[in-house]
Amino acid sequence: MFNPRPKIRVVPLYDGENLVIVDDLLREPQQWVELARQSRAEFSDADHNYFPGPELNLPPDMERALGQFIVEHVRKPLDTRRTDMLATRLALATLQPSQLQNLQRVCHRDTVPQPNRTGTGAMVLYLFNDPRLGGTGFFRQKCSEAEFHDMVVRSGTLDRTGFSALTGAGDGYAVASDHYFEKIYTAEPAWNRAIFYHGTVLHSADIHSPALLRDDVDTGRLTVNAFFNLRRNAA
């Protein structure tokens, strides 16, 4: 299912955080697209996270195989000594800018820092060929934690115009620096490329051309998104 000899490189981000990029992740990636096609009616809109479109949990055997791949190939370059799988989903980004909630217009974390160097890791696997559909942008926080928290609270009370004035965010996806966050790196998409990172790293889908998003697994922005428990190596 997974390539035993993938192409792996590590990109330093900031403060000791790394991005692990894996090319040629799957032996037969088209089979995963076919699974998405056959199961499209079972996808459901994501109302519990930041993902801008419908999702579907992967079968347990695929999730277990990905967990083993992480142990064998990703744990070391991610500077982590223990991992286990948490959640793995097929996902199709479909929302247009006018449909985005305020917090979907700025970058986000997948988890908050945890004690004892425990936490959550994340993966995005790109299963589309058109690079115009966008990769993933990574950001550094410029504001204080108090300002960050205040922005999150106010996102629920401000309208779109007010939130843009507060944050400097554009009308669509977070593709550039704003008042709160500095963009530092863009992971470019490629067919059968996966990226792995710690969930505390700020990031966003780097979608510059949302008009190209399609509710179709063959032509749309189909990804596999995974989240896994981890324990970092000692500092």
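The values are calculated or read from the model by the stated rules, or taken from the named source; none is laboratory data. These figures come from a predicted structure and were not determined experimentally. Positions of Cβ are backbone-derived with ideal geometry, glycine not excepted, and every protein chain shown enters the neighbour counts. Each accessible area value is taken on the protein alone, full model and side chains, heavy atoms only, with ligands, DNA and RNA left out. Shrake-Rupley method; radii C 1.70, N 1.55, O 1.52, S 1.80 Å.
Summary value for the range 7-232: 33 percent relative contact order, contacts being C-alpha pairs under 8 angstrom separated by 6+ residues.
Quick check: at a probe of 1.4 Å, how many percent of the accessible area of the range 87-235 sits on carbon and sulfur atoms? Walk me through the numbers on the way to the answer.
Details: 3050 of 6110 Å².
That fraction is 50 percent.
The residue list 228, 165, 179 was ranked by how far each Cα lies along the charge dipole of the range 7-232 toward its positive end, using unit charges on Cβ atoms, and 228 comes out on top.
Mean sequence separation of contacting Cα pairs (under 8 Å, at least six apart), scaled by the length of the range 80-204, corresponds to a relative contact order of 44 percent. Around the Cα centre of the chain, unit charges on the Cβ atoms of Lys, Arg, Asp and Glu (plus for the first two, minus for the last two) sum to a dipole of about 700 debye. Could you let me know the centre-to-centre spacing of the range 83-161 and the range 1-68, using Cα atoms, in angstrom? Using only Cα atoms, the two centres lie 16 Å from each other.
With runs of 4+ DSSP H residues as the only contributors, calculate the mean residue ellipticity of the chain at 222 nm using -39,500 (n - 2.57) per run, divided by the residue total and rounded to the nearest 500.
For the chain, the value works out to -5000 deg cm²/dmol.
Using heavy atoms of the protein chains and a probe of 1.4 Å, the accessible area assigned to residue 1 is about 90 Å².
The modelled label-to-label distance for the pair residue 129/residue 79, using points 7 Å beyond Cα in the direction of Cβ, is 3.9 nm. The mean accessible area for residues of the chain, using a 1.4 Å probe and ignoring ligands and nucleic acids, is 47 Å² per residue.
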